[in-house]
Amino acid sequence: MSGSSEYNPPAVWSWDKASGGRFANINRPIAGPTHEKELPVGRHPLQLYSQGTPNGVKVTVMLEELLALGHQGAEYDAWLIRIGEGEQFSTGFVAVNPNSKIPALLDRGGPTPVRVFESGAILLYLAEKFAAFLPETGAQRAECLSWLFWQMGSAPYLGGGFGHFYAYAPTKMEYPINRFSMETKRQLDVLDRRLAEAEYLAGSDYTIADMAVWPWYGGLVKGWLYGAAEFLDVQSYKHVQRWADLIGERPAVKRGRMVNRTQGEPGSQLWERHDSADFETKTQDKVTAVR
C-alpha cells in the first residue's frame, strides 16, 4: 500500500496521541517519569533492569559469559521491566536511565553506586571492569570498538526503521518499507563481507562486538525478528549465518537469551534471574506448574 495522498507537514508539529501503531501507548515527545515507583534491589552488587529484547540480551549474554569465565563479581540480579506497560517511566528507572530505555545497570559494588545506561556503554563498562572480551591495545581493540559502535549506529535502522514499518506500523507503506529494507540488506552485506575474512567481528577472538551485534543481526538471520527472514532472503548471507550459529551454540549465550524474556516457549523464559540455579528452577514452565 503506497498511499494515495501526500503528507504536508504543519508549520509546527504537535503530538497526536492517536497516531496508532503497536507502541503508540508508550511513545511520547517528552522525557521524565510518569509515575512514582522505586526499583527493587537484590543481594548482588550488579543490578540489571531490563527486558529480553535484542538490546537487553546483549547485557545478559555478557554477564553470563563473564560468569562462565569465573568472574564471580559478575553475579547479578536481573529485574524484569515490562516496557509495553510503561515500567521504564517510573521514578526509580528514570533515576538510573534518564532516557527511559532498557537495559539499565546499577553497580552498587563501591561506596557510591554507578549507573550505566545504553547497551553499548554497559558492555564497554563491564569489559573494562573485568578485563574481558575487549582487546587491550592495538588494531584488534580498534576493530572491536569500531564494530561495537557500528552496531549502535546501524541497529536503529533495522529496529526503528525496517522493523517498525514492516511489522508494527498501523498501515503498510511502500516507501519506508523499501527504504529500510534496502538499508537492512546493505548492513547484512557489510557483515557478510567482514565475516568472510574473519571468524568474529574483531578478528580471531569473540568480543563485546559480537555480543552487541548478534542479538540483532544474528536474530534476524535466524528468523527471530519481525517474521521477515524470507522477505529479506537472509539465507543468502552465508557468512553471517555461520557466525550466528557459532555464537548461538555458546552455553552462556543460551542462558543470556532466557533472562528477562517474556515471549516464546515457557521453558525458555526466565523473567527474573538472581542466581545461576534459577535457570533450572524458575523458568516460566516450572513457575506455572507450581501454581
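The values are calculated or read from the model by the stated rules, or taken from the named source; none is laboratory data. Worth saying up front: this structure is predicted, and the values here are computed from it rather than measured. Neighbour counts are summed over all protein chains in view; Cβ atoms, including those assigned to glycine, are modelled from backbone coordinates with ideal geometry.
Of these, Val240, Val221, which one is in contact with a Leu (Cβ under 6 Å, 6 or more places away or on another chain), over 26 Å from Tyr125 (Cβ atoms) and among the β-branched types (Val, Ile, Thr)? Before the answer, list the steps.
Numbers: Val221 fails: in contact with a Leu (Cβ under 6 Å, 6 or more places away or on another chain).
Val240 is the lone residue from the list that is in contact with a Leu (Cβ under 6 Å, 6 or more places away or on another chain), over 26 Å from Tyr125 (Cβ atoms) and among the β-branched types (Val, Ile, Thr).
Each row is one residue, and each column tells you yes or no for (1) touching an Asp or Glu at 6+ places or on another chain (Cβ under 8 Å); (2) of a type in the set (S, T, N, Q); (3) surrounded by 14 or more Cβ atoms within 10 Å (Cβ to Cβ); (4) touching a residue at least 40 places away in the same chain (Cβ under 8 Å).
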{"site": "Ser181", "(1), (2), (3), (4)": "no, yes, yes, yes"}
{"site": "Arg186", "(1), (2), (3), (4)": "no, no, no, no"}
{"site": "Ser204", "(1), (2), (3), (4)": "no, yes, no, no"}
{"site": "Thr207", "(1), (2), (3), (4)": "no, yes, yes, yes"}
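Does at least one position in the range 225-238 carry a residue that is at pLDDT 95 or above, touching a Pro at 6+ places or on another chain (Cβ under 9 Å), assigned to a loop (DSSP other than H, G, I, E, B) and closer than 22 Å to Tyr168 by Cα?
yes
Please verify whether Gly42 is over 23 Å from Gly248 (Cα atoms), surrounded by 10 or more Cβ atoms within 10 Å (Cβ to Cβ), of a type outside the set (A, V, I, L, M, F, W, C) and at pLDDT 90 or above, treating the condition exactly as stated.
yes
Any residue at all in the range 250-263 that is without any contact (Cβ under 8 Å) to a residue 60 or more places away in the chain, outside any helix (DSSP H, G or I) and not β-branched (Val, Ile, Thr)?
Scanning the range 250-263 turns up no residue that is without any contact (Cβ under 8 Å) to a residue 60 or more places away in the chain, outside any helix (DSSP H, G or I) and not β-branched (Val, Ile, Thr).
Yes/no per residue for (1) loosely packed, with under 15 Cβ neighbours inside 10 Å; (2) in contact with a His (Cβ under 9 Å, 6 or more places away or on another chain); (3) of a type in the set (Val, Ile, Thr); (4) under 22 Å from Leu124 (Cα atoms):
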{"site": "Asn178", "(1), (2), (3), (4)": "yes, no, no, no"}
{"site": "Val234", "(1), (2), (3), (4)": "no, no, yes, no"}
{"site": "Ala244", "(1), (2), (3), (4)": "no, no, no, yes"}
{"site": "Gln269", "(1), (2), (3), (4)": "no, no, no, no"}
{"site": "Ser276", "(1), (2), (3), (4)": "yes, no, no, no"}
{"site": "Thr288", "(1), (2), (3), (4)": "yes, no, yes, no"}
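Which residues, taken from the range 185-231, are under 17 Å from the mean Cα position of the chain (by Cα) and among the hydroxyl-bearing types (Ser, Thr, Tyr)?
Thr207, Tyr217, Tyr226
Given the criteria under 21 Å from Ile177 (Cβ atoms), surrounded by fewer than 16 Cβ atoms within 10 Å (Cβ to Cβ) and touching a residue at least 24 places away in the same chain (Cβ under 8 Å), does Gly219 qualify?
Taking the combined requirement at face value, the residue does not satisfy it.
Exactly one condition in (1) within 18 Å of Gly161 (Cβ to Cβ); (2) part of a helix (DSSP H, G or I); (3) among the aromatic types (Phe, Trp, Tyr) is false for Trp243; which is it?
Among (1) within 18 Å of Gly161 (Cβ to Cβ); (2) part of a helix (DSSP H, G or I); (3) among the aromatic types (Phe, Trp, Tyr), the lone unmet condition for Trp243 is (1).
Within the range 132-140, is even one residue among the polar types (S, T, N, Q) and either touching a His at 6+ places or on another chain (Cβ under 9 Å) or under 27 Å from Leu246 (Cα atoms) (or both)?
Yes, there is a match, as at least one residue in the range 132-140 is among the polar types (S, T, N, Q) and either touching a His at 6+ places or on another chain (Cβ under 9 Å) or under 27 Å from Leu246 (Cα atoms) (or both).
To keep it simple, each residue is scored yes or no on (1) among the acidic types (Asp, Glu); (2) modelled with pLDDT of 95 or more; (3) in contact with a helix residue (DSSP H, G or I) (Cβ under 8 Å, 6 or more places away or on another chain).
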| site | (1), (2), (3) |
| --- | --- |
| Asn8 | no, no, no |
| Leu46 | no, yes, yes |
| Pro54 | no, yes, yes |
| Lys58 | no, yes, yes |
| Met62 | no, yes, yes |
| Gly70 | no, yes, no |
| Ser90 | no, yes, no |
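Across the range 113-133, which residue is surrounded by the most Cβ atoms within 10 Å (Cβ to Cβ) among those that are in contact with a strand residue (DSSP E or B) (Cβ under 7 Å, 6 or more places away or on another chain) and over 16 Å from Glu65 (Cα atoms)?
Val116
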